[in-house]
1. Given the conditions (1) over 25 Å from PRO163 (Cβ atoms); (2) in the same structural domain as LYS130 (by TED's automatic domain parsing), report the number of the one that LYS380 does not fulfil.
2. If only one of GLU329, GLU340 is outside any loop (DSSP other than H, G, I, E, B), within 16 Å of PHE64 (Cα to Cα) and among the acidic types (Asp, Glu), which one is it?
3. Right, LYS178: of a type in the set (D, E, K, R) and either touching a residue at least 24 places away in the same chain (Cβ under 8 Å) or under 26 Å from ALA345 (Cα atoms) (or both) or not?
4. In the stretch 81-106, which residue that is touching a helix residue (DSSP H, G or I) at 6+ places or on another chain (Cβ under 6 Å) and not in a loop (DSSP other than H, G, I, E, B) is surrounded by the fewest Cβ atoms within 10 Å (Cβ to Cβ)?
5. When you look at GLY149, is it on the phi > 0 side of the Ramachandran plot and either in contact with a His (Cβ under 6 Å, 6 or more places away or on another chain) or not acidic (Asp, Glu) (or both), yes or no?
6. Please go through the stretch 289-323 and give me each residue that is part of a loop (DSSP other than H, G, I, E, B), in contact with a Gly (Cβ under 8 Å, 6 or more places away or on another chain) and closer than 18 Å to ALA273 by Cα, ordered by number.
7. When ASN364 is evaluated against the numbered criteria (1) over 30 Å from LYS178 (Cβ atoms); (2) at pLDDT below 95; (3) not assigned by TED's automatic domain parsing to the domain that holds GLU69, which criterion, by number, is the only one it fails?
8. Looking at the stretch 213-259, which of its residues are within 18 Å of TYR284 (Cβ to Cβ), in a loop (DSSP other than H, G, I, E, B) and over 26 Å from the mean Cα position of the chain (by Cα)?
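The values are calculated or read from the model by the stated rules, or taken from the named source; none is laboratory data. The structure presented is a predicted model; accordingly, all values stated were derived computationally and were not measured. Methodologically, a virtual Cβ is constructed for each residue, glycine included, from the backbone with ideal geometry; neighbour enumeration extends over all protein chains shown.
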Amino acid sequence: MKRIAAGILAFTMFAAAGCSGTQSGTTGSTSGTGASQGQTVKIGFIAPLTGDAKTYGESAKKGFDLALEQAGNKAGNFTVAVTTGDDRNDPTEGVNLATKMITQNQVKAIVGAVTSSVTIPVSEVANSSKIVMITPTGTAAKATVDDKGARKPFAFRAPFIDPFQGQVAAKFAIENLKVKTAAVLYDKGNDYSVGLMEEFQKTFIAKGGTVVTSLSYGKDDTDFSAIMTNVAAKKPDMIYLPDYYNKVSLIAKAAKAKGLTVPLVGADGWDSADLDTAALDGGYFTNHYSADDPSPAVQKFVKDYEAKYKVKPDSFAALGYDATNMLLEAIKQADSSDSEKIRAALQGLKDFAAVGGKLSFDQNGNPIKAAAILQVQAGKGYKFITSVQP
């Protein structure tokens with residue numbers, strides 16, 4: 001958790017300096033303010049809009065923008081003014097953006113960040129400032145609780161958490177794929193990847209499976225031939241790959257090069273238009289929703305999103321949409337721009353009608369919702385296999 005400590009130090013120093021200077025990646029709002037439009041509430045949006053996770057941020061922002069557009073840039077009696085920041089999937093940049101938004105732009109709530117490695121330190125800044133933060137896609141448990149498991153009362157999320165996602169993947173592997181052994185590969189410097197690895201292994205072993213090897217790599221690694229030589233020697237029934245689309249695509253190619261044809265199983269980080277579907281063909285991953293889900297809420301969202309953007313929405317778009325709508329509803333119910341009142345209203349939401357189902361928050365700011373299992377199909381996208389309830 002050194003990153004978090006560094007982030008809090010940066011926040012303290014930045015605030016003490018009066019936020020002099022301009023932080024890169026922040027843009028002003030075009031939502032409009034002024035007495036003629038009534039009261040205004042300022043919110044921030046933080047996501048990787050460039051860098052190695054930009055497709056996640058781009059999708060989340062499209063969902064965010066669609067929700068605001070459909071709401072007429074309003075939350076009850078308040079006009080919404082937005083400040084947007086590009087964190088580039090860098091924790092330090094995320095902390096800088098959150099600090100500037102809170103102390104200089106005076107936002108009362110933040111939608112973001114997107115990746116868990118940025119979301120965790122941003123949540124520390126927001127919570128210590130008593131500013132509501134709802135991450136659309138950050139799944140690491142520590143986004144809403146501290147190292148000791150204590151609740152960060154101003155931190156919320158729209159997706160299910162990694163422990164549940166890891167449990168679902170292990171259960172699906174044992175019960176549906178009928179595998180008995182697994183190899184696990186993970187990024188040792190990524191909170192998201194490590195958390196999924198730990199929960200998958202624990203659940204897989206508890207259900208009678210055997211993890212024959214668990215190997216780590218670094219964020220900047222690109223050559224996985226040596227790792228795959230070690231994996232092939234263990235002859236696993238499957239490989240669990242809890243990482244983002246860009247790294248998973250490289251690992252899958254290395255597996256094919258070594259002649260490994262066993263099922264590849266992963267998590268929501270696979271969900272990207274840039275995933276190498278040829279390399280991952282036939283693989284399975286846990287996700288937050290499927291565009292093929294026949295529920296009316298999903299199909300209406302898909303129709304509206306495609307009409308605006310001319311592409312089918314991924315889970316990051318759906319979660320960005322849900323997170324924004326939940327925040328707008330909380331502001332409406334609070335009938336205030338006071339962050340404490342918004343926090344209380346958000347915590348009190350019950351059975352909110354979202355793309356991800358009827359959502360309520362548990363005591364740790366996590367929604368109670370099902371997980372979808374999708375299968376990768378080369379050149380076609382993803383096939384909805386089943387959903388798993390919590």
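1. (2)
2. GLU329 is the lone residue from the list that is outside any loop (DSSP other than H, G, I, E, B), within 16 Å of PHE64 (Cα to Cα) and among the acidic types (Asp, Glu).
3. Details: of a type in the set (D, E, K, R): yes; either touching a residue at least 24 places away in the same chain (Cβ under 8 Å) or under 26 Å from ALA345 (Cα atoms) (or both): no.
Taking the combined requirement at face value, the residue does not satisfy it.
4. Per the criteria, the residue is THR103.
5. Working: on the phi > 0 side of the Ramachandran plot: yes; either in contact with a His (Cβ under 6 Å, 6 or more places away or on another chain) or not acidic (Asp, Glu) (or both): yes.
When the stated conditions are applied, GLY149 passes them.
6. In the first step, residues of the stretch 289-323 are kept if they are part of a loop (DSSP other than H, G, I, E, B); the result is 289-295, 310-314.
Within this subset, residues satisfying the condition of being in contact with a Gly (Cβ under 8 Å, 6 or more places away or on another chain) are 289, 295, 312-313.
Scanning the stretch 289-323 gives TYR289, LYS312, PRO313.
7. (2)
8. Residues satisfying the conditions are PRO236, ASP237.
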